[in-house]
Amino acid sequence: MGDVADKIAYFQAITGVEDAGLCTEILAAHGWDLELAISVFTSQNHHPATEYASEPTTSNTPPTSTNQPPAETGLVAGGRGVPPGLAWKIITLPFSIISGSLGLISGAVGLGVWAAGGVLSYSLRMIGFNLGLNGESSSPLVSVSASAAEAMSFVDSFDRDFGSIRPSFIAEGFMDALQRSRHEFKLLFVYLHSPEHPDTPMFCERTLCNEALVAFINENFVAWGGSIRASEGFKMSNSLKASRFPFCAVVMAATNQRIALLQQVEGPKSPDELLTALQRVLEESAPVLVSARLEAEERRNNIRLREEQDAAYLAALEADQARERQRQEEQERQEREAAEAERKRKEEEEARERAAHEAAEREAALAKIREEKLQSLGPEPAKGPDVTQVLVRFPTGERKERRFQCSTTIQSLYDYVDSLGCLEVEKFSLVSNFPRTVYGSEKLSLSLKDAGLHPQASLFVELNS
């Protein structure tokens with residue numbers, strides 16, 4: 001529904017028809033094709049020939065006060081004639097439908113020819129026939145809209161005819177120039193060029209190209225120009241109701257994609273007259289522009305403030321998250337260290353327990369061996385001629401003495417020393433002095449008598465390294 005309303009509003013703005021019902025019928029008759037409906041309507045009701053009034057007129061509609069918006073005109077609003085009656089609508093509707101159908105057929109044929117031409121041109125360029133009109137290689141074209149192309153053509157033509165000292169006309173379509181003026185908080189200066197009007201050359205040379213006027217326009221306005229021989233220039237002349245040329249106007253963007261006509265100057269004017277009119281409308285519109293600029297600045301400041309607040313919040317949030325991550329990492333590190341310490345403690349405790357258990361087992365085994373060796377010695381015999389008295393000295397200075405049968409082997413002496421449990425080592429040797437004799441493994445089977453230790457002997461325990 002919004003698209004239909006926009007098409008009706010745009011059709012009203014371009015054609016000047018205020019009756020929404022009639023606009024709806026015309027658009028419906030042309031299949032809601034806005035461009036086709038406007039083209040057919042303007043070709044039936046208007047011609048690009050310029051009509052001149054007998055007397056020059058200047059219609060000024062600036063804002064009456066700083067608190068009131070400017071009157072809307074053209075694309076906009078302004079005085080209109082009495083709308084056609086219902087009978088006229090009924091009479092003209094069949095013709096509009098027939099004309100729209102013919103326009104659709106013509107548009108389809110034109111589109112086919114254009115597409116075929118484009119394909120042929122592209123094919124020729126692909127095989128090397130990329131030549132201009134004079135046989136020179138043509139540079140690649142940048143794709144631009146039709147309105148922008150018309151604006152660029154007007155600027156080039158104006159420069160050729162009147163030189164480069166001129167208002168800085170924007171080489172864009174009218175709506176783009178209007179948006180540019182709105183974004184720059186300036187008014188839009190509009191010049192509609194009628195090439196065939198007798199007053200046009202003199203006006204352009206002496207007024208529009210006046211250095212003081214050019215400097216004032218370039219500093220305070222966004223300038224747009226268009227030829228009424230071009231499509232958009234002709235449509236703007238209809239929208240702004242241009243009745244005499246040369247034609248200048250000052251407009252600004254209004255609501256609902258419409259424009260407000262603040263000042264229009266028709267007919268030849270001197271530089272001073274045009275400058276005075278522009279200064280007046282600029283002074284009268286200054287409060288509106290200043291207010292718009294302040295509102296935009298306030299919006300930008302609010303946006304920047306929100307962005308700064310959002311950035312500060314995000315920074316604080318990231319800092320909090322970083323601190324939380326750091327806290328969690330520290331906690332995890334401490335937990336890992338605690339777990340590692342606990343693991344090591346348990347391992348050490350288990351190792352100690354295992355070592356203690358093994359030591360206990362070894363001690364028990366040694367005790368059992370000592371007991372077995374002690375039992376194997378039998379009871380100590382009483383003194384007699386076949387009994388040998390043996391004294392054993394340990395490295396600690398401790399001394400042990402016992403009687404053995406003289407037939408007892410050296411091995412029994414080793415078993416006796418082991419059974420006492422006075423040594424912490426398992427390897428040792430029994431040694432006698434004067435002369436020094438070591439009773440090693442080769443003498444274990446000798447009896448005490450055969451070894452020369454009877455009737456008594458004194459032996460030392462020598463630890464083996």
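Ranked from highest to lowest mean number of other Cβ atoms within 10 Å per residue, what is the order of the peptides 429-441, 280-292, 240-252?
On the way: 429-441: 12.8, 280-292: 16.4, 240-252: 23.8.
Answer by packing, highest mean first, reads 240-252, 280-292, 429-441.
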Item to complete: Work through the residues other than residue 172 whose Cβ is under 11 Å from its Cβ and net out their charges, Lys, Arg +1 and Asp, Glu -1.
Response: -2
Worksheet, complete the sentence: To the nearest 0.05, the calculated FRET efficiency linking residue 357 and residue 411 through their beta-carbon distance, R0 being 35 Å, is 0.65
Discussion item. If the reach is capped at under 13 angstrom between alpha carbons, list the aspartates and glutamates near residue 368, excluding any in the same chain fewer than eight residues apart.
Written reply: 415, 418
Worksheet entry | Counted charge near residue 8, where neighbours are those whose Cβ lies closer than 12 Å (Asp, Glu -1; Lys, Arg +1) | -4
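So if the hydrodynamic radius of the stretch 391-465 is defined as the Kirkwood radius over C-alpha pairs, what does Stokes-Einstein give as its diffusion coefficient at 4 °C and 1.567 mPa s, in µm² per second?
After rounding, the answer is 104 µm²/s.
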Worksheet item: Expressed in nm to one decimal, what extension gain is obtained for the pair residue 315 and residue 441 from 0.36 nm per residue of sequence separation less their Cα-Cα distance?
Response: 36.8 nm
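State the extension gain, in nm to one decimal, for the chain segment bounded by residue 298 and residue 325, taking 0.36 nm per residue of separation less the distance between their alpha-carbons.
Working: separation 27, 0.36 × 27 = 9.72 nm, distance 3.91 nm.
Net length gain for the segment: 5.8 nm.
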Worksheet item: Using the Cα gyration tensor of the stretch 172-247, with a ≥ b ≥ c the square roots of its eigenvalues, what is the shape: rounded (a/c below 1.5), prolate (a/b larger than b/c) or oblate (neither)?
Response: oblate
Item to complete: Determine the shape class of the stretch 278-367: with a ≥ b ≥ c the square roots of the Cα gyration tensor eigenvalues, call it rounded for a/c under 1.5, and otherwise prolate if a/b is greater than b/c, oblate otherwise.
Response: prolate
Fill in: Computed label-point distance, nm, for sites residue 255 and residue 270 using a 7 Å Cα→Cβ extension
4.2 nm
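Would you tally the net charge around residue 345, using a Cβ to Cβ cut-off of less than 14 Å, leaving residue 345 out, and scoring K and R as +1, D and E as -1? Mind showing how you got there, number by number?
Numbers: positive: 343, 344, 346, 352; negative: 337, 340, 342, 347, 348, 349, 350, 353.
Combined, the nearby Lys, Arg, Asp and Glu give -4.
We did not get these values from a lab; they are worked out from the coordinates using the rules stated. It should be emphasised that the depicted structure is a prediction, and the values quoted were computed from it without experimental measurement. Glycine gets a Cβ as well: all are built from the backbone with ideal geometry, and neighbour counts include every protein chain shown.
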